[in-house]
Amino acid sequence: MTTLRPFRCEDMFHFNNVNLDPLTETYGLSFYLQYLAHWPEYFQVAESPSGIVMGYIMGKAEGHGENWHGHVTALTVAPEYRRLGLARQLMDILEDISEKKRCFFVDLFVRVSNRVAITMYKKLGYIVYRTVLQYYSGDPDEDAYDMRKALSRDVYAQSVVPLTHPVRPEDIE
Amino acid sequence: MAGKAHVDDSVIERRLRPIYEWLDAGNNKKAVQEADKVLKKQASLPCARVLKGLALLRLGKRDECEGLVAAVVKEAPTDEATLQALTICFRELHQPEQICRVYETATKKEPGNEELLSHLFMAYVRVSNYRNQHQTAMRLFKLKPKNPYYFWAVMSHVMQGVKSGDQKGREVSLLLAERMVNNFVKEGKIEAEAEVLTYLHILETQGKYAEALSVVEGELGNKVVHQPGNFLRLKRATYHTHLGQWQAAADVYRDLIKDEHDNWQHYVGYIRAVMEISGRHSPTHSLNPPSSTGVCSGSDNSSISGFGGSDNSTGGCGGSDKSSVSNGGEDSGCDTCDKEDPVVTAAAHLAAVRKAASTQEYPDRGPFLGLIHLASTLHHHGDHTLSDTLCGDLMELLLSYITSYGDKMCCYADITQYLPNLPQERIAPFLEKVEGLVNRREDGVPLDVKAMYRDLCLVQLSRALGQHEQLTPQEHIQLADSLVDRYSQTLELTSHMAETDIRPGDAYLLLAAHSYLRGAGVREGDTTHPNPHVLLRVAAILEQGIGASRANFQLKLLLIKVYNMLGASEISHAVYEKCDLKHIQLDTLGHTLALQALDAANYTAAADIFSATLKFFMANYKDTSDPLISSYKYGSLTRIPEFVEFRERLSNSLHFATVTAEQMLLDITNEISSHSQLVEAVSQLDIDPATDKTCWDDLRDNRDLRVMDTWDPPHRQLQEVEVNANVSGEVSLLKLRNLTLRLVAAACRLTSHSSSNKASTRDHQHRSSSTKKDSNSECVNGETSSATDDATLLADLTTRLHQESQSCAQYRASSSPQLPLQGPDPSRIHLYASCNLVGVIVRHSEVLQQVHKSCTQSQGVSGEVLKAAKGEVEAAVAAGLAEAQQLAVATLVAACSKESAAEGEATQRETNNDNTFDSLSSDLSKLSLATSSPPLPRHGLERLHHLAQTLGVAAALLGCCHSLLRPIKASTSKKNKKRKDPVITPGVMTEFSSYLTTLSSQIHQLKEALSTQHKAVKAAQEQHTKEEYICLDLTSPLTGPEDAKTIGSQVELSYLKSLERLTASIANKLKYISSLRL
C-alpha cells in the first residue's frame, strides 16, 4: 500500500529514512539531477500514506542494437517497509517502461554477498548473466553479479544466455 | 584548403592531448609545462593558452589565468576546442556570464553556425537569462527548423513567466508559451512525447485544466508512450478533481483501483471524490482528512514563512476548493436524489476490492486500509453511524488490520493517522484486544519474531493513544527498564539476521530511551535540567544497541542528541561520523551536529563539518547547471522549473547562511592573536560591510524533522508553531552574526583608510581609493570622504546591532524550550541573548568611533566621552567575566558532584547490594525527582564559547583603535613638526592604555580560571580511571561497569578537550590585546 509516483527534486529533502541505511549510497546532487533530466520516467518513488519516502528506483535505457536495454542503477527500500513487495512494484514499473522503449532486456549489478537482493531478483525472473570481478571498490574489492531478464522483444531470450567466464569491469561495455 | 585545415586540426589535437591528460589527472604543474612546450612551437595557439590558464587557475594563480584568458577572449575565437576550454575556465572562475559574452562574439562572427548558437543558448541557461534564451532558441529554429529548438523557446517563455516578479508578466509569458504550442498543434507539427508533456505543464501552470483534459483525451494523448501505465489516467483524474467534476474523477480512480489495488493515491483520490459527490465537502485542502497535528504528518516543513502551504508539492488536488464547492453540487445533484448515497456504493466497492484481495497468498495492504480510510473520513465528518453501517466498526477494522499486519514493522505507521478517530472509552478495550494477539511465553516474553513485532506494535499504540501520559517520572523509568529488559530477552530471536538489517528489537531501545528521557525531565518544563546520570545511562544503552545493530540509524541519531545534551561533542562527532552524512544530507541533517560542536568549543569537528557543508553548497550552482542544460538537450523540459526551484531552495538554506556566518566568525576570532592576522583574515573573507546579501524573506528551513521515529500522541509531537519559533530564533541570531561581521569589516576598512592617510603618501591614497570600487565621487579628497563614509557606516552598523539585540530581549527572558526528540535542538539565540554579549561589541565599537573622531577631527575629543564609554565596556566585560567564571566553576563542579553523589549512593548500595535492580531503579527515580538538577556542563561550555568569541571581536575593535592611535603616539613622541596632525588630548592615550591593562588582567583571570577547571577535571578523570569509574553506575540488563568505564571516560575526555580549546582561544585573545600597548 503505497503511492508510486515520479521522483521529484524535493524528495531529496526527506529521503533520509531510506538513505541513512548503510547499504544505500547518497550521491552528489548532479547524479540525481542528471537521471531526472535524462530518464525522468525511470526514477520513481514509493511514498507512504503519511508522506514518508518508503523507497525508490533509479534507472536508465542505454546500449546499441540488440544491446539496447533498461538498467537498474539503484533500488532501495527503507528498512521498515521491506518484505512487503515494494521492490517488486518498483521493478514492475521499470520493466514496463523498458518494454515501451522496446528494450531487449533489463540488467542490474548486485554485490555477490547481497543474498537477500539476489534471491529477490531471482524470484522476479532475473538470472546471473555473468560475474564482474572486483566491480565494487572497497576493502577488499567485491565482485558483482550482472543479472538480466529478457523482455518480449528478445523473443528467443538470447540476451540471457549466461557467460561461462567472469569478466573484468573494464570489459563491460 | 579544407584538407590542409584538417591536417592542422589533427596535429593541434595531438599536441593538445597531453595537456588535457595532465589536467584530468590533476597534475596541473605538468599541464602548464606541457602547454609551454606547445606554445614554444606555436606561440599564438589560443586553446593551449586557455588550457595553461586553466592549469594556473587550479594552481591558485587566478590573476595569471585571468590575464591569459582575457587576451584570448579579445581575439574572438570560434573554434570548438578553445571555446570549450574557455567555458571550463569561466565556470571555475565563477564567471558564467563571461561564457555568454564569448559565444555572443563567436556567433556574431559565424551567424550560421548551429553548434555555436546552441552553445550560446546553453550559456544563457547557465545564468538564467530567459529572454536571451528565447531569442537564441528562435534564431536556432529559423536556422534549422527542428522541434526541440522551438520548444526551447517555448520553455524559455515559461521560465520567464514562472520567475517573473509580477502577476501580469507571469500571465503574459505563459500565454505566449501556450500560443506558441497552440500554433504548432494546429499545424500538426507536434512530434514527441516531451512536447505534449510540456504543453500539459503550461496548461497546468495556468490552471487551465479543461484544456489539459482535452489534450490528454485527444489525439495528442497517444503520443505519450514512455510513461508508467497509469500516467494518462492519473492526469485525467487530477484534472477532473481540479475541475470539481467529482463523478468523473471518482470513475477514473475506481478504475485505477481495480487495476492497481495497492496504489494508495487512488484510494485517497477516490474517497475524496465520493465524499464531494455526496455533498460532504472536505473542510481543508488536506489530502489526508484525519491527519494528526504533528509535523510528521506529511506536510513538507520547508518554507519558513508559509509552513502549511506546501500541499501543492504533493502533486495532488489542493487549491481547487472554490470550484469544487460550486461544481460539486451540480454534478452530484442527480446522483443524490435518484440513487442511493454514493458513499454507500463506494463502501460496497471498497469492500469488494478488499474481499478479492484477501484471497491472495500475501494480501496487499492497500485494499484493507482503503476501507479504514473511508470509515475514518466518515467519522471525521461526523457520520459515525453511517460509517459503522457501511464499513463496520472502526475499532474492529483496526483490529482486523492489526491481526493481519501486526507482525510487520510498518503496521503502526500504516494506521497511526486513524487513531485519533477512536473514541476515548474504546481505547482500553482496543489495547486489550491487541494484547490478546501477542503470542507470549509463560514469562510474558514474545514467542517469536512475529510476536515481537506485535508486542512492539502494542507498546507503540499504547504510547500514541496516551496511555503513558499519566506516568510519574519514576514510572517512566520503570517502563523504560522493562523495555530494555524485553530487548535483552528477545535479542536471541533475531540473532540469525544479517548484519545489514535493522533488528526489530531495536525499537524497544528507542521506546525505552524516549521513556528514560521523559522521566529524566527532558521537556518537563523550562526550569529543570535533564538528569545527567540518566542521560549517561541512555547513552550506554544506545551504544550497546548500535553495537548489535550497526545499520540502525535511528539509534545513532538519538545517541547524537543525547551526547549533545551532555555537551560531549567529541563523542557526538564520533557517532555522527558513523552516519556517514554527505551532500544534501549536510543541509537536511546538519541540525544534528554542526553548530553544537562549535558551541561546545569542539572547533576541529565544527571546522570539519562546516567545510564539508560549505563545499556542498558552493558546488550547488555548478552541480545543478549541467542537469539543467541536459533537460533541454534530452527534452525533459517540464523538469526545468523544478530544478530551478530546487537550486534556489538550496541556495536560500538557512543552515547554509548560518554556517557561512559562523565559519567567518570563527575565522576572525578563534586563532587570531595579533592585529595583522586579523586584518589578513578579514581581507580573505570578502565581507561587504555596506550590504548584507542575505535574502531574508526567502530563507528556507530545509531540515528533515521527520526522520526520527516518535510514537507520542499527536499533541506531544513536534508542532509547526514550535518549529516556526525555533526558526525565528535562528534567523534572529543570524542577523546578529551578520551585523557583527560587517561591523568588524567596517572597522578594518575605516582604519585601513586612516592609516594610509596617516602615511600621507599619494601612492597610498591612490591605491586605497582605487581599491574601493564604489568610490566614484570626488577624487580630490576621495580618501577623507570615503573614510567619513566608513565612519558613518560603522556608526550605523553599531546602532543596528544594538537595535537588533534589543529586539532579541524576548529570548533573554525565556529559557530555551526543549523540543520533542524528533525536533531540532533549542535555538541558540536563547543562550546567546542571555549572555548579554552584544552590548560588549556595541560598546567597543563606540570606543572605536570615539577614538576615530578624536584622531580625525581637529578639535580633540575630550577624554570624558571615552572614559564614559570605557566605564561601560569595563562593566560589561567584567560582568561577563564574572558570570563566565562562576558558571565555569558551577557547571564543572556540578558534573563532578553528580559523580560524587552517585559515588555516595554506590557505596551505600554496597552495604546492601542484594537486589541491584531495585536499588538501581530507586536511585534513578530519586535523581530524576530532584526538583532541579544542576545545569549540564553543556551550557557552561556554550557560554564560555560565546564569551571567547565576543572577546575576539572586542580585541579586533581594540586592534583597530590601536592602529589609529599608534601613529599619533609615534608622531607626538617624536615631536613631529606636521602641524596638521590632529591634536589628541593625552587623556585618550592614557585611558586607552589603562583600559587595556584592566582588560588584560581580566582575561588573564579567566584564563587562569579555565586552567584551574581543566586541572580539576583532569584530576577527577584520572582518579575515576584509576577506580575504573566505579562511581558511575550505568547498570542495566544491557549495560554494566564496562560501559560506565567507556562512557564516563569518553565524556570526561570530551570536556577536557573542550576546556583545552577554550583556554587556547582565550590565550590568543590575551596575546592579541597585550600586543596593543601604545
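Rule-based calculations on the coordinates, nothing more; no lab input. Predicted model, so just to flag it, every value in this text is computed and none were measured. Ideal geometry is used to build each Cβ from the backbone, glycine not excepted, and the neighbour counts take in all protein chains shown.
Details
- For segment A:3-159: relative contact order, % (alpha-carbon pairs under 8 angstrom, 6 or more apart): 17
- Centre separation in Å (Cα based) which lies between segment B:806-834 and segment B:380-451: 39
- Two-site label geometry, B:Asn182 and B:Asn836: point separation in nm, points 7 Å out along Cα→Cβ: 6.9
- Annotation: extensible slack from B:Leu685 through B:Asp698 equals 2.3 nm (criterion: 0.36 nm per residue apart, minus Cα-Cα distance).
- Entries in B:Lys235/B:Lys258; B:Lys168/B:Lys223; B:Lys109/B:Lys186; B:Lys408/B:Lys578; A:Lys122/B:Lys408; B:Lys146/B:Lys168 that, when Cα-Cα distance is taken, lie over 25 Å: B:Lys168/B:Lys223; B:Lys109/B:Lys186; B:Lys408/B:Lys578; B:Lys146/B:Lys168
- For segment B:160-175, Karplus couplings with θ = phi - 60° (6.51, -1.76, 1.60), whole Hz, Gly/Pro x: 4, x, 4, 8, 5, x, 9, 4, 4, x, 4, 4, 4, 4, 5, 5
- A simple spin-label model places the labels of A:Glu99 and B:Ala192 2.5 nm from each other, with each point 7 Å out along Cα-to-Cβ.
- Computed over segment B:1-116, the P(r) tail beyond 25 angstrom holds 20 percent of alpha carbon pairs.
- Violating pairs (Cα-Cα greater than 25 angstrom) within the set B:Lys561/B:Lys1057; B:Lys1026/B:Lys1069; B:Lys693/B:Lys1069; B:Lys969/B:Lys1071: B:Lys1026/B:Lys1069; B:Lys693/B:Lys1069
- Projecting the Cα atoms of B:Pro504, B:Tyr563, B:Leu535 onto the charge dipole of segment B:482-581 (Cβ charges, centred on the Cα centre) puts B:Leu535 farthest toward the positive pole.
- Diffusion constant of segment A:3-159 at 10 °C, which comes from Stokes-Einstein with the Kirkwood Cα-pair radius and 1.306 mPa s, µm²/s: 98
- For segment B:575-592, the Karplus equation 6.51 cos²θ - 1.76 cosθ + 1.60, evaluated at θ = phi - 60°, returns couplings of 5, 3, 5, 5, 6, 6, 6, 8, 6, 5, 5, 5, 8, 6, 10, x, 6, 6 Hz by residue, with Gly and Pro reported as x.
- Qualifying chymotrypsin sites (Phe, Trp or Tyr not before Pro) for segment A:123-173 [loop in DSSP, other Cβ within 10 Å: at most 11]: A:Tyr156
- Overall, the ratio between the Cα radius of gyration of segment B:13-230 and 2.2 N^0.38 Å, rounded to two decimals, is 1.30.
- Between 0 and 90 degrees, the angle of helix A:86-100 with respect to the longest Cα principal axis of chain A falls at about 60 degrees.
- FRET efficiency for B:Lys37 and A:Asp141, using Cβ-Cβ distance with R0 set to 35 Å, rounded to 0.05: 0.40
- Per residue of B:636-644, other chain Cβ atoms within 10 Å of the residue Cβ number 3 on average.
- With R₀ fixed at 56 Å, the C-beta to C-beta distance from B:Thr500 to B:Thr998 puts the FRET efficiency at about 0.35.
- For A:Cys103, no residue 5 or more places off, or on another chain, has a built amide H under 5 Å of its own.
- Rough spin-label spacing in nm, given labels placed 7 Å along Cα→Cβ, for B:Ser676 and B:Ala428: 8.1
- A:Met54 sits among other residues whose Cβ lies under 9 Å from its own Cβ, and their net charge, with Lys and Arg +1 and Asp and Glu -1, is -2.
- Pairwise FRET efficiency - B:Ala725 versus B:Lys582, Cβ, R0 = 30 Å, nearest 0.05: 0.50
- Cleavage-rule hits (trypsin sites (Lys or Arg not before Pro)) in segment B:673-757: DSSP loop, at most 15 neighbouring Cβ within 10 angstrom: B:Lys693
- Taking segment B:537-560 and a reference point 7 angstrom along Cα→Cβ of B:Glu1042, the backbone N atoms nearer than 19 Å belong to B:537-550.
- Annotation for segment B:461-536 versus segment B:539-568: alpha-carbon center distance of 13 Å.
- Additional length obtainable on full extension of the chain from B:Arg101 to B:Thr1025, 0.36 nm per residue less Cα span: 325.9 nm
- Evaluating 6.51 cos²θ - 1.76 cosθ + 1.60 at θ = phi - 60° for every residue in segment B:1030-1045, the Karplus couplings come out as 5, 6, 9, 9, 10, 5, 8, x, 10, 10, x, x, 4, 5, 4, 4 Hz, glycine and proline recorded as x.
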